[in-house]
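Novice: Let me give you the structure first, and then I'll get to my questions.
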Amino acid sequence: MQTLTIDLGERSYPIHIGTDLYGRGADGTSLLSRHVPRRALVVTDETVAPLYLDRVLAGLGNTPAGHVILPDGESHKHLGTMETIIEALLRENVDRGGTILALGGGVVGDMAGFAAASYQRGIDFVQLPTTLLAQVDSSVGGKTGVNHALGKNMIGAFHQPRAVLADVATLDTLPDRQLSAGLAEVIKYGFIVDADFFAWLEIHLEALLARDRDAIGYAVRRSCEIKAAIVEEDEREHGRRALLNLGHTFGHAIEAAQGYGTWLHGDAVAAGTVMALDLAHRLGEIDTALVERGTRLLSRAGLPVRPPADMTPERFLGFMQRDKKVSDGQLRLIVPGAIGGAAVRDDVPMAVLQATLEHFCASA
């Protein structure tokens, strides 16, 4: 097991990366019981529960714990499902000293975290991510929330977990499409911060797709290291943390327009990243070779590199203008520079953005 720490003062917490992290040692103790001192509620979904719920409950030992099993999928990430979690917390008599455990992918983690932020004005929660996307991205950094029909993640709160337990063995049961979706976020870290990591991904992509345990472990650790450093610098996304949204403004528009769950988040981010590369090329920030290099890696990962055929510039702009990254009416976009570098821009000419949208919508 490897442990990283996100240093946020009194809100600091560890990220444990390894295998069999839910089990109990020879002395009867476990990571779970260490981070969950009192009554707990495990929040999971109908896909993950048969695989790992019993193991988590056993790992809690004598800690009283209930559970709630939610329907699976992004289409259920809304306030109605949040109410189901709150009802379970009340039914299990979880008080302010209790803890929510989020056992699942990004949808479960976001909703369980938002419930923890809201319930009795805030209780602890622990992230137990079981997808690659959740392990490298959504479980780390404290962003929690739910979707609205008019925009993704528009209702939520910053609420840091007590700990993250990223058990990479859970990725053995992850469908191939979900694994590829997680790689979109892994590749993003190379684009925005680390050219060496991007080059490593180009060399080791087949090993990652084959679920080589060493390759997966390194990709999770390096992704978490990069995100931890950025979150430590800018916890509430007032500046540099916005770089983590590379491809997301385009991608969120795709998800909302198609109906949540129709396109996986990672798929939408991949297509959005290629659109961001095209935008950067039109702005003169990168050359054609870099656009092709980035597009090629995403495609090799089994990810879409174009938006859905029914997207139009008008549909994109309608959702993008309601994005959380709009400030004082200005749309902020993440524009790649060289591999390992990107910038937050609020001065992209509408004519350039329109040209990118028309290019991809015409050729989708």
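The values are calculated or read from the model by the stated rules, or taken from the named source; none is laboratory data. Nothing here was measured: the structure is a model prediction, and the numbers come from that model. Neighbour counts are summed over all protein chains in view; Cβ atoms, including those assigned to glycine, are modelled from backbone coordinates with ideal geometry.
Novice: Could you check how many residues of region 1-30 are over 22 Å from Asp214 (Cα atoms) and either part of a helix (DSSP H, G or I) or not aromatic (Phe, Trp, Tyr) (or both)?
Specialist: Counting residues in region 1-30 that are over 22 Å from Asp214 (Cα atoms) and either part of a helix (DSSP H, G or I) or not aromatic (Phe, Trp, Tyr) (or both) gives 14.
Novice: So which of Arg306, Arg293, Arg241 ends up being closer than 27 Å to Ile216 by Cα and out of contact with any helix residue (DSSP H, G or I) (no Cβ under 7 Å at 6 or more places or on another chain)?
Specialist: Arg293
Novice: When you go through (1) assigned to a helix (DSSP H, G or I); (2) among the charged types (D, E, K, R); (3) in contact with a Gly (Cβ under 8 Å, 6 or more places away or on another chain) one by one for Glu255, which number turns out not to apply?
Specialist: (3) is the only condition that Glu255 fails.
Novice: Determine which member of the set Leu128, Leu179, Leu165 is of a type outside the set (S, T, N, Q) and farther than 21 Å from Asp7 by Cα.
Specialist: Going through Leu128, Leu179, Leu165 in turn, just one is of a type outside the set (S, T, N, Q) and farther than 21 Å from Asp7 by Cα: Leu179.
Novice: Still on this structure, I have one more. Please tell me if Gly66 is more than 19 Å from Glu92 (Cα to Cα) and of a type in the set (Gly, Ala, Ser).
Specialist: Answer is no for this residue.
Novice: Let me ask another. Suppose we keep only residues that are surrounded by fewer than 15 Cβ atoms within 10 Å (Cβ to Cβ) and among the aliphatic types (A, V, I, L, M) within region 281-311. Which one would you say is nearest to Phe191 (Cα to Cα)?
Specialist: It comes out as Ala289.
Novice: Out of all the residues in region 257-270, is one or more touching a strand residue (DSSP E or B) at 6+ places or on another chain (Cβ under 8 Å), closer than 21 Å to Asp194 by Cα and touching a residue at least 40 places away in the same chain (Cβ under 8 Å)?
Specialist: No, region 257-270 has no match at all.
Novice: Restricting attention to region 126-151, which residues are in contact with a His (Cβ under 8 Å, 6 or more places away or on another chain) and either under 25 Å from Ile216 (Cβ atoms) or in the same structural domain as Gly259 (by TED's automatic domain parsing) (or both)?
Specialist: The answer is Val126, Leu133, Gly142.
Novice: Something else now. Being in contact (Cβ under 8 Å) with a residue 60 or more places away in the chain and crowded, with 24+ Cβ neighbours inside 10 Å is the filter; apply it to region 144-159 and report the residue that is farthest from Gly318 (Cα to Cα).
Specialist: Going through the qualifying residues, I end up with Asn147.
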